[in-house]
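A short worksheet on the structure shown next.
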Amino acid sequence: MKTVDILIKNANELVTLKGQNNPRKKSEMNNLGVLNNSSIAINDGKIVDIGKNLKYNSEKVIDAKGKTVMPGFIDPHTHLVFAGSREFELDMKLKGLTYMDILKKGGGIVYTVNQTRKATEKDLLEQSKTRLDNMLKYGTTTCEGKSGYGLNIETELKILKVQKKLNETHPMDIVPTFLGAHAVPQDYETRDYVDIIINDMIPKIKDLSTFCDVFCEEGVFTVDQSKKILEAGKSQGLIPKIHADEIVDTGGASLAADVGAISADHLLMSNDNGLKQMVKKGVIGVMLPGTPFSLMMKNYPSARKMIDMGIPIALATDLNPNCWTENMQIIIQLACFNMKLTPAEAITAATYNAACAIGLENIIGSLEKGKQADIIILDCPNHMFIPYHFGINLVKSVIKKGKIVIDKQRN
Ligand code: NIG
Ligand code: FE
């Protein structure tokens, strides 16, 4: 009998998400590829076998009786590296101030930019590492991380370097995004800052980033300015992503299709024409229900409509000082309760489709032979418990690249 590093056996539900090599759309989002009473064999960081009654020797046999085993969550939209916090904005939000009201008062992104500029690399590293530890505990095994709290070349570079160090030293895999166009720095004209991003920043950060993102929003960057930035990024090998139509419909969804973005994120206010163009170009819609939740808004993105139209949906935390959660389980809960996704759709959106939103679907996002062994074991009998039993952490164990990195019995 062959020996493997880890054998997980008897899983009540093994949620594989197997069998498709492109983002899941429409009814495909309900196909979780669940196997009952099944096992999974892991060796050299990879999945080597899946099925019933697997016969392997292993020094590490995990009995997953009564438990759910599934791919680690993938969080495809975070603002991981920032300094400080903004809990004092809660009182303002409760008084009815909007996101833009707070930003105009020198709060919001501007406040965090000042904190992040002042922070040392060591401070930023420590604060962000705690966030990664939390993510891992809650079952996230890969995330995207954006810059954007620097808005000058020194600090944008500082943030991306911190992310690189964390990626090299922490079990979490972090895919970097340059978001120099997150806001306009104080005392700058927008068009001057756009030139700085294009001519100074992009050439200097291009080797530290995979994606280029823009906050395309009324009062921030227009569609034309966003397009210029994203095209400049593309010419240096950066794949476009967009914060689109979060507060006002400015045509961000159409822009995402126009520039061939891998994803358009938020989409709270998008018009149908823009969404149709996204369908045509296969742009993934990343839903961030934590954002309207933390902004105390009534509206959530029309995810049901987008799924019916054929937009592949992914889910993410948007982790940032305005919406501070590292927990993809609560995002799945919000997606079901407030956007009416089925548990299966939400899980697809938080795993396989999330991998597609950061271009990693060939490596992670499903449990299949040959894929990286990024696996979580949940203390619940089936996947529906993730939204159903809310407010607690269901994760019992986390395996990253074939190594047990969280084990509740052991830790
Ligand atoms: O995705 N909207 C722009 N950026 C973030 C918020 C950042 C912040 O408020 O610090 C978002 O919601
Ligand atoms: Fe964001």
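The values are calculated or read from the model by the stated rules, or taken from the named source; none is laboratory data. Computed from a prediction, not measured in an experiment: that's the story for all the values here. Note that each Cβ is placed from the backbone with ideal geometry, even for glycine, and that neighbours are counted across all protein chains shown.
Results, tabulated for the structure shown:
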quantity	calculated
Count of region 355-411 residues which are in contact with a helix residue (DSSP H, G or I) (Cβ under 6 Å, 6 or more places away or on another chain), over 13 Å from residue 139 (Cα atoms) and in a loop (DSSP other than H, G, I, E, B)	6
Out of 335, 349, 314, sole residue that is closer than 30 Å to residue 260 by Cα, within 16 Å of ligand 1 (Cβ to nearest atom) and buried (at least 24 other Cβ atoms within 10 Å of the Cβ)	314
Whichever residue in region 258-275 is surrounded by fewer than 24 Cβ atoms within 10 Å (Cβ to Cβ) and more than 15 Å from residue 302 (Cβ to Cβ) and, among such residues, is nearest to ligand 2 (Cβ to nearest atom)	262
Residues being touching a strand residue (DSSP E or B) at 6+ places or on another chain (Cβ under 6 Å) and among the aliphatic types (A, V, I, L, M) - total across region 173-197	5
Scope region 134-179; condition crowded, with 24+ Cβ neighbours inside 10 Å and among the basic types (Lys, Arg); matching residues	146
Residues (away from ligand 1 (no atom under 16 Å from the Cβ) and either among the basic types (Lys, Arg) or not assigned by TED's automatic domain parsing to the domain that holds residue 276 (or both)) located in region 215-257	227, 228, 234
Which listed residue, of 136, 151, is of a type in the set (A, V, I, L, M), at pLDDT 95 or above, in contact with a strand residue (DSSP E or B) (Cβ under 9 Å, 6 or more places away or on another chain) and within 16 Å of ligand 2 (Cβ to nearest atom)	151
Long-range neighbours under 8 Å by Cβ, at least six apart or interchain, first residue without any contact (Cβ under 8 Å) to a residue 60 or more places away in the chain within region 344-355, second not in a helix (DSSP H, G or I)	346/315
Cβ-Cβ under 8 Å pairs, at least 6 apart or on other chains, region 239-267 side closer than 11 Å to residue 227 by Cβ, far side among the hydroxyl-bearing types (Ser, Thr, Tyr) and within 16 Å of ligand 1 (Cβ to nearest atom)	242/226; 242/263; 252/226; 252/270; 255/226; 256/263
Single condition residue 1 does not satisfy, out of (1) aliphatic (A, V, I, L, M); (2) more than 16 Å from ligand 2 (Cβ to nearest atom); (3) surrounded by 14 or more Cβ atoms within 10 Å (Cβ to Cβ); (4) not assigned by TED's automatic domain parsing to the domain that holds residue 399	(3)
Only listed residue being modelled with pLDDT of 95 or more, more than 10 Å from residue 287 (Cα to Cα) and under 13 Å from the mean Cα position of the chain (by Cα), chosen from 338, 320	320
Residue check for residue 195: assigned to a loop (DSSP other than H, G, I, E, B) and among the charged types (D, E, K, R)	no
